[in-house]
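Below is one structure, written out as structure tokens; comments come after it.
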Amino acid sequence: MTFHAPLMLDIAGTELNAEDRRRLAHPLTAGLILFGRNWQSRAQITALCAQVKAIRADLLIAVDHEGGRVQRFRHDGFTHLPPMRRLGEMWLDDGRGQPGAGALKACRAATAAGFVLAAELRACGVDFSFTPVLDLDYGGSSVIGDRALARDPRVVTVLAKSLMHGLLQAGMGNCGKHFPGHGFVKADSHVDMPIDRRSLKAILAEDALPYDSLNTSLMSVMPAHVIYPKVDARPAGFSKRWLQVILREQLGFAGAIISDDLSMDGARQIDGQPVSYTQAALTALDAGCDLALLCNQSLNGGAEIDAALNGLAEAQLKGWWQPQEASEQRRRQLLPQAPALAWEDLMVSPAYQQALEYLP
């Protein structure tokens, strides 16, 4: 029987309760996404991660930890990482008013940021961060804003590759987001359904260019909850054309595809009709996602998580959804392949100390 764990879920507190343990042990659970509410201290988060791995060693423990305003752990020793826009600013100006003259310095800082980010997380037992943001900084998106590296897709590509190199040095994978690009639209897909009316040609030439250039370096991609009506009537994360035809076939991407949070407003309707979380997860998987991410549903007791797990199990039994061995392999490839340095050892590591000096 083909095995495939597709659902990533969350927990409400700073330690596991009986319901959390039951859900994490479910064979259809792929992993856990952590939030600021799950954090009290390094000791606590390290113990929590150990509890998760004791249930199933293959569970992927992930977090949104980009730097700037999207950094879940901010004290008890964790470095305050700059917003990614700061790296783009370094690229454009080295202090002498010469655009592009700071490129090498910016690349070194990006590598350092990736290394520090990943090494600190891994020292506490976290496997993976959903980074880098590959969206372009058009200046009008409140949800992307300074999370973007730059406006120029070539600058974004080079800086993202440097950041990913730093992640890799610390033994962590990467996730390019939000394919094919969320930076052009002003609406926030957390609370709205953004629509980008540009042509496919325009999007491929600008926003999707980093995905094309980094197709052999990216280990995973997160599609946007954005509709591009000149390409498909469905948001990219529910679109076979975007995920299978364009991302897989045309751009040659072979890594994991992870849906953005299915509880966001941008994922609550498909083809103009409201959908359940189970329907959203099944549609994302059918479109080409390997993993379906469902966040913040533990806060009201977790009934929606249970419904999604049960719905996926029923769909499998009835043949509405078929597990994909290739998807499971791509999921497992996101797990660290080597042990991490303990926090105390990391703090005195020459590589870590040097990386701190290179941060902007």
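Details
- Residues in the stretch 303-313 carry Karplus couplings, in order, of 4, 5, 5, 4, 4, 5, 4, 5, x, 5, 4 Hz; the curve used is 6.51 cos²θ - 1.76 cosθ + 1.60 with θ = phi - 60°, and Gly or Pro positions show x.
- Placed amide H near GLN297: partners under 5 Å, 5+ positions off or other chain: ASP10
- Whether the stretch 7-358 is rounded, prolate or oblate, judged on the alpha carbon gyration tensor where a/c under 1.5 counts as rounded: oblate
- Unit charges at the beta carbon, dipole of the stretch 3-152: most positive-side option, ILE33, GLY125, GLY114: GLY125
- Residues HIS4, HIS80, HIS225 arranged by fewest to most Cβ contacts within 10 Å: HIS80, HIS4, HIS225
- Comparing ALA43, GLY100, GLY68 along the charge dipole axis of the chain, the residue lying farthest to the positive side is GLY100, per the Cβ-charge model.
- Alpha-carbon centroids, the stretch 241-311 and the stretch 1-37: separation in whole Å: 16 Å
- Taking amide hydrogens as placed 1.01 Å from N in the peptide plane, the amide H of LEU34 sits under 5 Å from those of ALA62, VAL63, ASP64, each at least 5 positions away in sequence or on another chain.
- Counted by neighbouring Cβ atoms within 10 Å, the residues ASP152, ASP261 run from fewest to most as ASP152, ASP261.
- With neighbours defined as other Cβ atoms within 10 Å of a residue's Cβ, the residues TYR352, TYR358 order from fewest to most as TYR358, TYR352.
- Cα gyration tensor shape for the stretch 239-360, rounded if a/c is under 1.5, else prolate or oblate: prolate
- The residue among SER199, ALA233, LEU262 whose Cα reaches farthest toward the positive pole of the charge dipole of the chain, with charges on the beta-carbon of Lys, Arg, Asp and Glu, is SER199.
- Nonlocal amide H pairs with HIS178, under 5 Å, H built at 1.01 Å: LEU134, ASP135
- Nitroxide proxy distance, nm - points 7 Å out along Cα→Cβ at LYS105 and ALA351: 2.6 nm
- Cα-based shape type of the stretch 232-271, given that a ≥ b ≥ c are square roots of the gyration tensor eigenvalues and the cut on a/c is 1.5: oblate
Read the figures in this text as sums done on the coordinates, not as results from a lab. Not measured: the values here are computed from a predicted model. A quick note on method: Cβ atoms are made from the backbone with ideal geometry, for glycine too, and the neighbour counts reach across all protein chains shown.
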